[in-house]
Amino acid sequence: MPKADDFDEFYATTSRRLVGQLFAMTGDLTEAEDAVQEAYIRAWQRWPRIRGYQDREAWIRTVAYRISVNAWSKARNRLTAHHRASRHAEQPELSPDLLTLVSALRKIPEPQRRVIVLHHLVGLSIEEIAAETGAPAGTVKARLARGRKALAPLVSDFDEPPSPRIHLAEQNRETIARA
Amino acid sequence: MHDSLRTQLSELAGYASANARLDTPAAVRRHGTRRGWRRRGGAALLGAGVVAGAGVGVGAGIAHPGVTGPDATRAPGPRASSAQLTAYQTTVLAKAHVTKAQVAALAKSGLTTGQISTLATATAQLTQQDKKALTTARIAAGYLARYLTPAERTALLHDGLKATQIAALAKAHLSAAQLAALAAG
């Protein structure tokens with residue numbers, strides 16, 4: 001009999017975080033919930049093996065992602081309307097900024113979106129992303145670059161905080177305008 | 001809009017984490033366990049169906065050696081958990097003209113599957129030396145005498161199994177349940 005305590009603790013500490021990551025990858029909260037939950041069910045069925053893994057969270061994330069991609073392709077049209085209608089009534093709405101981000105993420109190809117999330121949200125290095133996605137490091141870099149480029153016009157600045165020079169220039173403009 | 005993408009993504013993920021509706025760990029485990037049962041149950045039902053189907057041919061196969069179903073010779077099939085012989089076992093035994101009485105006598109003597117295999121291996125080795133003249137009596141009296149109980153020897157001698165028949169018995173790999181059922185029947 002697999003160890004339930006281990007699993008429960010793992011589930012309690014990681015499940016919500018993984019839903020967040022999947023949501024960023026899919027743009028659909030219900031789908032992310034379903035995929036993550038299904039991944040945990042599968043993990044429990046293989047728990048004696050999986051509990052020994054160094055990065056169990058990566059296993060769940062990968063499985064959940066695959067589930068969501070498959071589910072997405074199969075049932076997207078059928079379920080999207082229903083999900084949106086039922087969820088929006090119960091959950092707090094996203095802020096306009098986050099809605100913009102979700103909309104922007106949905107516009108870029110799904111492999112790029114995955115890489116963007118793994119790098120910018122999960123904090124994985126190129127090599128770690130390559131290992132998790134099974135893509136060569138060069139491909140990961142290219143996807144990351146393309147994804148950033150595609151997102152650039154749609155969302156605000158990425159990694160770098162606004163430069164002090166720009167700040168000064170803006171302040172100068174404001175000062176001039178006031179004057 | 002001066003937040004970095006990392007910050008924005010973190011906010012997005014934070015929203016999802018805060019609003020996610022997930023089952024309890026116990027519910028997830030229950031779900032996984034139930035699904036495992038269902039799968040195993042389905043496989044068992046399928047296996048039982050195959051065995052039951054094969055069981056129909058057992059009588060005919062043993063009683064009329066050489067007469068087997070169309071699929072009987074394809075593959076060993078699933079290991080029988082019940083006492084009924086599979087189509088593969090029936091075919092193998094029938095081809096070697098092993099009668100039900102012979103198998104029953106062996107089973108009654110307490111010969112195990114492992115012993116039958118050992119016997120077959122030894123028989124095969126001896127067959128190299130003297131194929132035609134080899135009889136179970138000789139095996140029992142000689143090479144394997146020390147491994148067999150008197151009851152087992154008697155059963156082998158009484159039924160006069162040939163080397164090919166012993167090989168077929170080993171190939172059929174009858175389970176303990178099957179041997180017990182044959183002994184009882």
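Please treat every number below as a calculation from the coordinates, not as lab data. This structure is a prediction, so every number in the text was calculated from the model and none was measured. Methodologically, a virtual Cβ is constructed for each residue, glycine included, from the backbone with ideal geometry; neighbour enumeration extends over all protein chains shown.
Between the stretch A:127-158 and the stretch A:11-41, what's the alpha-carbon centroid distance in Å?
21 Å
Along the Cα→Cβ direction, 7 angstrom out, place labels at residue A:100 and residue B:33. What is the inter-label distance in nm?
5.0 nm
What is the distance, in nm, between label points placed 7 Å from the Cα along the Cα-to-Cβ direction at residue B:180 and at residue B:10?
It is 6.4 nm.
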